[in-house]
Amino acid sequence: APDIYYDAYGADTLRLYEMSMGPLDQSPPWEARDVVGMYRFIQRVWRNLVDEDTGKIRDDLPANDDTTERVVQRTVDAVRSDMDGLRFNTAIAKLIELNNHLTKLGGCPRDVAERLVLMLAPLTPHVAEELWQRLGHDGSLAYADFPVADPALLVEETVEIPVQVNGKVRSRIVVATDADDTTVEAIALADAKV
């Protein structure tokens with residue numbers, strides 16, 4: 001019964017799990033251990049923002065860098081698209097990927113925090129509202145605009161290309177996305193493995 005999970009993990013965890021189960025038009029089987037996974041995700045988001053000793057936003061949050069900003073922009077774009085298409089399960093997966101990146105970074109940079117909380121709001125409204133208040137906002141996040149991605153930051157500057165010789169991948173090269181065929185061929189031929 002849902003009441004058992006609600007009592008043990010809270011409404012946001014139960015809501016997040018139900019939306020992560022798969023497309024809305026399918027009826028996947030209930031997996032109790034996956035509920036715990038969603039609970040742990042919410043806990044990791046919380047720890048990436050809140051100091052557990054003081055209950056305030058962490059003062060040791062890392063600075064945002066170009067790599068993180070590009071990950072955030074791609075996530076904002078993908079989550080917005082998934083929400084518009086009612087693909088909550090894939091939106092949740094992208095938010096988990098973003099949070100994993102932030103965990104490796106050592107926490108959520110302050111200028112990323114608000115966007116993360118706004119993306120979580122439709123999925124975990126209670127936790128998101130609590131984080132919004134802790135970030136220093138007086139009003140509800142229900143009146144805040146959903147983040148919008150910067151199209152300039154969605155374009156990758158480089159791309160990795162596998163190089164095959166006689167049908168076998170021998171190497172992978174990284175080239176600028178606007179590189180012409182001659183440049184790509186020259187870089188591939190200069191690779192010692194090729």
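The values are calculated or read from the model by the stated rules, or taken from the named source; none is laboratory data. Remember, it's a predicted structure, so these values are computed and weren't measured experimentally. Reconstructed Cβ throughout: ideal geometry from the backbone, glycine too, with neighbour counts over all protein chains shown. What goes into the accessible areas is simple: the full protein's heavy atoms, side chains included, and nothing from ligands, DNA or RNA. Shrake-Rupley method; radii C 1.70, N 1.55, O 1.52, S 1.80 Å.
The set of residues in the stretch 78-88 being within 12 Å of the chain's Cα centre (by Cα) and touching a residue at least 40 places away in the same chain (Cβ under 8 Å) consists of Val79, Arg80.
Arg115 meets the conditions (1) in contact with a His (Cβ under 9 Å, 6 or more places away or on another chain); (2) modelled with pLDDT of 95 or more in every case but one. The failed one is (1).
Residues in the stretch 1-18 that are open to solvent by less than 30 Å² (accessible area, probe 1.4 Å) and either among the hydroxyl-bearing types (Ser, Thr, Tyr) or out of contact with any Ser or Thr (no Cβ under 8 Å at 6 or more places or on another chain) (or both): 4 in all. Whether a residue is in a loop (DSSP other than H, G, I, E, B), among the hydroxyl-bearing types (Ser, Thr, Tyr) and surrounded by fewer than 20 Cβ atoms within 10 Å (Cβ to Cβ) was assessed, and Thr67 does not pass this test. Looking at (1) touching a residue at least 60 places away in the same chain (Cβ under 8 Å); (2) touching a Leu at 6+ places or on another chain (Cβ under 9 Å), can you tell me which one Asp150 breaks? Of everything listed in (1) touching a residue at least 60 places away in the same chain (Cβ under 8 Å); (2) touching a Leu at 6+ places or on another chain (Cβ under 9 Å), Asp150 misses just condition (2).
The set of residues in the stretch 19-64 being open to solvent by 70 Å² or more (accessible area, probe 1.4 Å), polar (S, T, N, Q) and within 21 Å of Gln133 (Cβ to Cβ) consists of Thr54 alone.
Residue count for the stretch 118-163, restricted to those that are of a type in the set (S, T, N, Q), modelled with pLDDT of 90 or more and open to solvent by 50 Å² or more (accessible area, probe 1.4 Å): 1. State yes or no: is His101 in a helix (DSSP H, G or I), of a type outside the set (Ser, Thr, Tyr), more than 23 Å from Glu157 (Cα to Cα) and at pLDDT 95 or above? Considered against the rule, which asks whether it is in a helix (DSSP H, G or I), of a type outside the set (Ser, Thr, Tyr), more than 23 Å from Glu157 (Cα to Cα) and at pLDDT 95 or above, His101 comes out as no. Of all residues in the stretch 31-50, which are over 21 Å from the mean Cα position of the chain (by Cα) and farther than 19 Å from Ala93 by Cβ? Of everything in the stretch 31-50, just one residue is over 21 Å from the mean Cα position of the chain (by Cα) and farther than 19 Å from Ala93 by Cβ, namely Ala32.
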